Amino acid sequence: MSGQLKYEHGFLLGLYERMVLIREFEEQVKYLFLEGRMPGTIHQCQGQEAAAVGVCRTLTDADFITSTHRPHGHALAKGVRPLEILIELFGGVTGCCKGKGGSMHVGNINRGMPPAIAIVGGGIPVATGMALAMEMEKRPNVVACFFGDGATSEGAFHEAVNMAAIWNLPVIFVCENNLYGASTPVGQISRLRTMAERGAAYGISAYRIDGNDVLAVYEAAKSAKDVCLSGMGPVFLELITYRITGHSRRDPCQYQPKEERQQAMQNEPIGRFERVLLQSSDVTRGELDAIRAKVERNIREAIVQAEQEPKPTPEDVLTDVYA
Ligand SMILES: Cc1ncc(C[n+]2csc(CCOP(=O)(O)OP(=O)(O)O)c2C)c(N)n1
Ligand SMILES: [Mg+2]
């Protein structure tokens, strides 16, 4: 046990390191895009790290996730290696999708993450289908299905949550409510006050959690996983969070009121967790600084390697087309 917190020292540092890995990865990648060294576009998750890390900490390689157009954090939290994601972002053949997926489709099935799906809401029926397979094959596993507040207005969300509900499938529906779908505030897309109500409407347990509190997310996901493994799934988790970067790479976020942004910076999950650790556990500032320095160095080294990896040839267009 670590100080007043009922968790092991190493467990707490592990959560911290994974969140710092995601933040540092996203920050370095942002500059690579702005410098024109990386092709395509990106949707980044700075500010939402606690959601990915808190949920994925409860999962094994045999549990699956589905992800969205904003997948880097989910992938890193699920154990996809930074190097294979970076190579993918550079379009290299040794990337996690052989350079054919790019930012919005990163994943590695060996880590329990099929390539992310950038169609808003598109991963939700896939999650229900994977959970059905788990149940039919009697595998003791769950699917954590990540999607945004905006995705709850897609037809696919309603069909897939209902189907998982009537068949008691082991899915944790994880709605990362970052208060905006691109530039549209969530209050403009629904008369409901919460996204959890949309889950509850299908007769399943639904909870609204502080998504910037990594320990609260972890506990909620752990309970949800237990419910799913007992055959009583699915469970819906609405994680309240905030994106402290643009929707996509050149977005100046003018639709986010200045005061709201300032408040969000005070509430961002890594700074918050640092304060909790330093106040209520045995973790020291020196340990946190050492983790940050190590993560930063590792990503810098991975970028140097990733940028040099070979790119696909024109002939590669014809491979991996059909299964
Ligand atoms: C079906 C579909 N419609 C529109 C888009 C364009 N688009 C990409 S992200 C996005 C906003 C999604 O908002 P939300 O689900 O809240 O996720 P967030 O971006 O906040 O993570 C939109 C409209 C898309 N990718 N797919
Ligand atoms: Mg959103």
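The values are calculated or read from the model by the stated rules, or taken from the named source; none is laboratory data. In this text the structure is predicted, and so the values were computed from the model without any measurement. Cβ atoms come from the backbone with ideal geometry, glycine included; neighbour counts cover every protein chain shown. In case anyone asks, the SASA skips ligands and DNA or RNA and just uses the protein heavy atoms, side chains included. Shrake-Rupley method; radii C 1.70, N 1.55, O 1.52, S 1.80 Å.
Students often get this wrong, so check it: of LYS78/LYS294; LYS98/LYS138; LYS100/LYS294, which have C-alpha atoms separated by over 22 Å?
Values: LYS78/LYS294 20 Å; LYS98/LYS138 32 Å; LYS100/LYS294 30 Å.
As for pairs spanning more than 22 Å Cα to Cα, those are LYS98/LYS138; LYS100/LYS294.
Comparing GLY47, GLY286, GLY73 in a Gaussian network model of the chain where C-alpha atoms under 10 Å apart are linked, the largest mean-square fluctuation is found at GLY286.
Compute the FRET efficiency between ILE166 and ILE119 as 1/(1 + (r/R0)^6), taking r as their Cβ-Cβ distance and R0 = 30 Å, and round to the nearest 0.05. Can you show the working numbers first?
Working: r = 24 Å, r/R0 = 0.80.
Efficiency for this residue pair is about 0.80.
Taking the chain as a Gaussian network of alpha-carbon nodes connected by springs under 10 Å, the highest mean-square fluctuation of the residues THR313, THR152, THR66 belongs to THR313.
Relative to the 2.2 N^0.38 Å rule of thumb, the chain has a C-alpha radius of gyration ratio of 0.97.
Straight Cα distances below 30 angstrom link LYS258 to the lysines LYS30, with same-chain residues fewer than 8 positions distant left out. Based on protein heavy atoms only, the chain ends up with 45 Å² per residue of surface accessible to a 1.4 Å probe.
For CYS145, neighbours were defined as the other residues whose beta-carbon sits under 12 Å from its Cβ, and their charges (Lys and Arg +1, Asp and Glu -1) total -2. Here the sum of -39500 (n - 2.57) over DSSP H runs of 4 or more residues, divided by the residues of the chain, equals -14000 deg cm²/dmol at 222 nm, to the nearest 500. Note on the chain: with charges restricted to the Cβ of Lys and Arg (+1) and Asp and Glu (-1), its dipole about the Cα centre is near 260 debye. Global size of segment 184-323: 21.1, 57 Å for Rg and Dmax (C-alpha atoms, Rg to one decimal, Dmax whole).
Within 15 Å, Cβ to Cβ, of GLY233, how many net charges do the neighbouring residues add up to if Lys/Arg are +1 and Asp/Glu are -1? That sum, taken over residues with Cβ under 15 Å, equals +1. Rounded to the nearest 20 debye, the dipole magnitude of segment 159-270 is 260 debye, with +1 charges on Lys and Arg beta carbons, -1 on Asp and Glu beta carbons, and the Cα centre as origin. Accessible surface of the chain, 1.4 Å probe: 54 percent of it comes from carbon and sulfur atoms. With a Cα-only, solvent-free Debye model of segment 100-212, what are the log10 I(q)/I(0) values at q = 0.10, 0.17, 0.22 Å⁻¹? Log10 I(q)/I(0), no solvent term: -0.30, -0.86, -1.33.
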